[in-house]
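Input: a single structure, listed below in structure tokens.
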Amino acid sequence: MLFGRKKKNPIKIADKGVVDWKYTTCGYCSTGCSIEVGLDAGGQAVASRGVGGADVNRGKLCLKGIFEHELFTSSNRGSVPLMREKRYDPFREVSWDQALDKVGSEIQRIQGSYGRDAFAVVSTGQIMTEEFYTLGKLARGVIGTNNYDGNTTLCMSSAVSGYKRSFGSDGPPGCYDDFEHTECLLAIGSNLPEQHPVIFWRLREVLEKRKFPIIVVDPRVTMFAQMADMHLPITPGTDLVLLNSLAHVILDEGLEDHGYIEANTNGYEDFAKLVAQYDPTTASKICGIDEDTIRNVARTYARAGAAMTIWTMGINQSTHGSDGVVGINNLNLITGNIGKPGGSSLSITGQSNAMGTREWSSCSGLPGYRALESEADREDIASFWGIDPEFFPKKRGLFQTDIFPAIETGQIKGLWIIATNPMTSMTNTARIRKTLENLEFLVVQDAYQDVETNEYSHVYLPAGLWAEKEGCFTNTERRVNLTRNVVPPYGDSKPDLWIFSEMAKRFEQGRKMRFPETAEGVFEELRQLSKGRMLDYSGMSYDKIEQQRGIQWPCTEGAQTGTPRLYVDGKFQHADGKAKLIPLPFVDNNERPDEEYPFWLNSGRVVEHFHTRTRTGKIGNLNKFSPTPYMEMNPDAARALGVVHGSYARLTSRRGDAVVMVQLTQRVPPNMVFIPFHFHECVNRLTLGLLDPHSRQPAFKHCAVKIEPVADQQAASVRNKAARTY
Ligand code: SF4
């Protein structure tokens, strides 16, 4: 009997007229999904679909990937270079030569007047690895500024710092395949279903076949928390206390892997002495998780045959983010959960190529995980590039979060911003605006000319976007994926690689150096420079990467494929080959709610948006889900303040204020509100952003606000520029 079903309209997928599908890699998040873009007979990109044979996504895409082809023609793409003499004057269109000559001469003027480091460069986690490497060659080898960093300081630098402190090097040791083997998964500060939907789907696939405990630590009842076996609604900023206490229980009850600790780590005695102070009774009073739960989680984790921890910004964006990562590594070292299937400390990265910048951009050192502090590394790269090793500084310069204060004090006079948007992404944006106004010269390079930071620039360079170019991204699990060129760059915009190489020609030293013209030519330099190193690319080629749908480094010369896990032999990158167990005392140093500002302000990502909405705000099928800024608020707290669902409320912190729409939900406790961080003139008008001492990453998630209803919705929407539409 099909009568009922016959009456329903079947789902019809419109024929988009695709005549050719082009292989490439998604350019949003670090999951690294293989994607095919469909071109119609006129060569227009009209559809996107996942690649079935790709191990990462196995045919799936999330909402952002499904509509990614629409980016090529989205509104306010930059098509020609723009220039103006004075900030806020109208821009005029200029040729590429005029724009590049101007930028080159301004860099030389500023460096000639104030010193080499007076010109700074801040880049991104979004461009190709080959572009990062070329930018590093330009910034370190030609321009010669030591104040050069990426926006990954806002998201991943705590993970980098924590890996280096524990294991002697950056590089996530595990992979997605660990889900297939693990017997316990601990997720701290990671809302996987919304932030990394395809990684979450991989986990769900495994859970449908085999049950194992999922423990989610998050102050908010996220989607991930809702499906967890145990949800630990921790007091914000106290992860380290919980991690120390878990280690306390494990050591106290003799659940540690003594053989692994003995063979592969040092520092055990000092570490054990420190965690002895974090008994569950004491810890529970600080972190808000009851002592029985702490004991239960510690026993579950330590008794599992293999256990893994994943984390994202809930750990990293804190004044002790680096310590939090080391705390996770400590937990996995004492339980022998590094380098084995299902046992890992796996930081889930944010941007599509945050890993590529860590490996090759030279922001924090020199290419291929080389250090400015090492004479041998400086000589290595200087000889490869054909320059004097003395041209390099002997230690890294300022992080992004220290570059802006250095502009305030006049130490830095000129800035080049590449594919990042600090006017929305940095904490305390009112201060950032004044900082940018202090610059003698600002150049913004971006695919979109309406990116908010461009309001303060003197020169705008329109860059090609995602698959308008070719090159590699490295994903969360060290997998090098290939982004094939699908369509030409929009208008007269140019690939970032071309812009960097052309800029090098404006400098005497740059004219003497070799800058390969193609991405594949640059990739050959990466292969040579990585040979025999931890991140060995020498066994890879573009065709091999495409055939295998990504290859995980290291992939040594002659190897058939890559390496899923690091540290399998228990040999780490510290000089003695051992990992470090590091004691981590907890210092409560953040702003906390008080009588005047009684609410915790928490922030994070939603599935339909990416970063500062520069792209997703222009895709109708994404933006429609959350076109205006809003906050999640607990109904009991709202009732007490007279705030109702769907109305507007003003949040005020000690830095500024923002107006948002109210969404009442039990996902947040009564003393907390949550705001997606994507909107301009919104959450970062409020944030304080104290910095982690190791990673210089801001504590985006920890500050205090007060809330009041706003009666006039009209005034509210006008007042808040965050509600802008494109
Ligand atoms: Fe792209 Fe990430 Fe979505 Fe995959 S999960 S389609 S990589 S945004």
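The values are calculated or read from the model by the stated rules, or taken from the named source; none is laboratory data. Keep in mind that what you see is a predicted model, and the values were worked out from it rather than measured. Glycine gets a Cβ as well: all are built from the backbone with ideal geometry, and neighbour counts include every protein chain shown. To get the accessible areas, we keep the full protein, side chains included, count just its heavy atoms, and leave off ligands, DNA and RNA. Shrake-Rupley method; radii C 1.70, N 1.55, O 1.52, S 1.80 Å.
Residue under question is residue 334, and the condition is that it be surrounded by 24 or more Cβ atoms within 10 Å (Cβ to Cβ), modelled with pLDDT of 95 or more and β-branched (Val, Ile, Thr); does it hold?
So residue 334 fits the description; yes.
Taking the criterion of being within 16 Å of the ligand (Cβ to nearest atom), at pLDDT 95 or above and assigned to a loop (DSSP other than H, G, I, E, B), would at least one residue in segment 18-26 satisfy it?
Taking every residue of segment 18-26 in turn, at least one turns out to be within 16 Å of the ligand (Cβ to nearest atom), at pLDDT 95 or above and assigned to a loop (DSSP other than H, G, I, E, B).
Can you name the residue in segment 347-362 that is more than 16 Å from the ligand (Cβ to nearest atom) and outside any helix (DSSP H, G or I) and, of all such residues, is nearest to the chain's Cα centre (by Cα)?
361
From 53, 115, 59, which residue is within 16 Å of the ligand (Cβ to nearest atom) and more than 26 Å from the chain's Cα centre (by Cα)?
Criteria check complete, one pass: 53.
Being open to solvent by less than 40 Å² (accessible area, probe 1.4 Å) and assigned by TED's automatic domain parsing to the domain that holds residue 251 is true for just one of 328, 286. Which residue is that?
Going through 328, 286 in turn, the sole match is 328.
Whether any residue in segment 507-517 is part of a loop (DSSP other than H, G, I, E, B), at pLDDT 95 or above, of a type in the set (Gly, Ala, Ser) and in contact with a helix residue (DSSP H, G or I) (Cβ under 9 Å, 6 or more places away or on another chain) is what I want to check.
The answer is no, given that none of the residues of segment 507-517 is part of a loop (DSSP other than H, G, I, E, B), at pLDDT 95 or above, of a type in the set (Gly, Ala, Ser) and in contact with a helix residue (DSSP H, G or I) (Cβ under 9 Å, 6 or more places away or on another chain).
Given the criteria over 30 Å from residue 574 (Cβ atoms) and touching a helix residue (DSSP H, G or I) at 6+ places or on another chain (Cβ under 6 Å), does residue 192 qualify?
yes
Could you pull out the residue among 131, 106 that is in a helix (DSSP H, G or I), in contact with a Leu (Cβ under 6 Å, 6 or more places away or on another chain), charged (D, E, K, R) and modelled with pLDDT of 95 or more?
Result of the check over 131, 106: 131.
If residue 576 passes every condition in (1) in a loop (DSSP other than H, G, I, E, B); (2) closer than 24 Å to residue 193 by Cα; (3) open to solvent by 40 Å² or more (accessible area, probe 1.4 Å) but one, which one does it miss?
Answer for residue 576: the failing condition is (2).
Residue 342 passes all but one of (1) modelled with pLDDT of 95 or more; (2) surrounded by 23 or more Cβ atoms within 10 Å (Cβ to Cβ); (3) within 25 Å of the chain's Cα centre (by Cα); which number fails?
Here residue 342 clears every test but (2).
Being of a type in the set (S, T, N, Q) and part of a helix (DSSP H, G or I) is the requirement here; does residue 145 meet it?
For residue 145, the condition - of a type in the set (S, T, N, Q) and part of a helix (DSSP H, G or I) - is not met.
Only helices (runs of 4 or more DSSP H) wholly contained in segment 159-273 count here; list those with 1 or more residues that are out of contact with any Pro (no Cβ under 6 Å at 6 or more places or on another chain) and of a type in the set (A, V, I, L, M).
Per the criteria, 192-195, 197-209, 223-226, 239-252, 258-264.
Considering only segment 274-293, state which residues are in a helix (DSSP H, G or I) and either of a type outside the set (D, E, K, R) or on the phi > 0 side of the Ramachandran plot (or both).
274, 275, 280, 281, 282, 283, 284, 286, 287, 293 - these are the residues of segment 274-293 that are in a helix (DSSP H, G or I) and either of a type outside the set (D, E, K, R) or on the phi > 0 side of the Ramachandran plot (or both).
Any idea which residue in segment 196-217 is nearest to the chain's Cα centre (by Cα), counting only those that are open to solvent by 20 Å² or more (accessible area, probe 1.4 Å) and closer than 28 Å to residue 323 by Cβ?
200
Matching residues to (1) at pLDDT below 95; (2) in a loop (DSSP other than H, G, I, E, B); (3) aliphatic (A, V, I, L, M):
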site: 10; (1), (2), (3): yes, yes, no
site: 39; (1), (2), (3): no, no, yes
site: 56; (1), (2), (3): no, yes, yes
site: 79; (1), (2), (3): no, yes, no
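Return the pairs, sorted by first residue and then second, in which the second residue is open to solvent by less than 40 Å² (accessible area, probe 1.4 Å) and in a loop (DSSP other than H, G, I, E, B), the first residue lies in segment 247-264 and is aromatic (Phe, Trp, Tyr), the beta carbons are less than 7 Å apart, and the residues are 6+ apart or on different chains.
260/336
Report yes if some residue within segment 574-593 is within 16 Å of the ligand (Cβ to nearest atom) and within 30 Å of residue 431 (Cα to Cα); otherwise report no.
no
Name the single residue that is farthest from the ligand (Cβ to nearest atom) among those in segment 472-488 being open to solvent by less than 40 Å² (accessible area, probe 1.4 Å) and in a loop (DSSP other than H, G, I, E, B).
Result: 487.
Go through segment 27-44 and give me each residue that's among the hydrophobic types (A, V, I, L, M, F, W, C) and either within 16 Å of the ligand (Cβ to nearest atom) or more than 26 Å from residue 609 (Cα to Cα) (or both).
29, 33, 35, 37, 41
Does residue 314 fit the bill of being within 19 Å of residue 186 (Cβ to Cβ), open to solvent by 10 Å² or more (accessible area, probe 1.4 Å) and assigned to a loop (DSSP other than H, G, I, E, B)?
In short, no.
Residue 418 versus (1) under 28 Å from residue 103 (Cβ atoms); (2) of a type in the set (A, V, I, L, M); (3) surrounded by fewer than 23 Cβ atoms within 10 Å (Cβ to Cβ): which is the lone unmet condition?
Going through the list (1) under 28 Å from residue 103 (Cβ atoms); (2) of a type in the set (A, V, I, L, M); (3) surrounded by fewer than 23 Cβ atoms within 10 Å (Cβ to Cβ), residue 418 breaks only (3).
Any idea which of (1) in contact with a strand residue (DSSP E or B) (Cβ under 9 Å, 6 or more places away or on another chain); (2) within 16 Å of the ligand (Cβ to nearest atom) is the one residue 202 doesn't satisfy?
All conditions pass for residue 202, except number (1).
So which residues in segment 635-654 are surrounded by 19 or more Cβ atoms within 10 Å (Cβ to Cβ), under 18 Å from residue 597 (Cβ atoms) and hydroxyl-bearing (Ser, Thr, Tyr), if there are any at all?
Result: 653, single match.
Condition check ((1) away from the ligand (no atom under 16 Å from the Cβ); (2) closer than 30 Å to residue 606 by Cβ; (3) not assigned by TED's automatic domain parsing to the domain that holds residue 51) across all residues:
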position	(1), (2), (3)
64	no, yes, no
67	no, yes, no
78	yes, yes, yes
83	yes, no, yes
88	yes, no, yes
92	yes, no, yes
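Just checking, how many residues over segment 607-630 are within 16 Å of the ligand (Cβ to nearest atom) and open to solvent by 10 Å² or more (accessible area, probe 1.4 Å)?
The total comes to 10.
Search segment 430-444 for residues that are free of Cβ contacts under 8 Å to residues at least 60 places away in the same chain and pair each with any residue that is outside any helix (DSSP H, G or I) and open to solvent by less than 40 Å² (accessible area, probe 1.4 Å) when their beta-carbon atoms are under 7 Å apart and the residues are at least 6 apart or on different chains.
Close Cβ pairs satisfying both conditions: 432/426; 436/442; 439/414; 439/415; 444/417; 444/451; 444/457; 444/460.
Just to be sure before I move on: is residue 396 without any contact (Cβ under 8 Å) to a residue 24 or more places away in the chain and not small (Gly, Ala, Ser) in the structure I sent?
no
What residue, among those in segment 547-573 that are crowded, with 17+ Cβ neighbours inside 10 Å and not in a loop (DSSP other than H, G, I, E, B), is farthest from the chain's Cα centre (by Cα)?
Taking the candidates together, the pick is 548.
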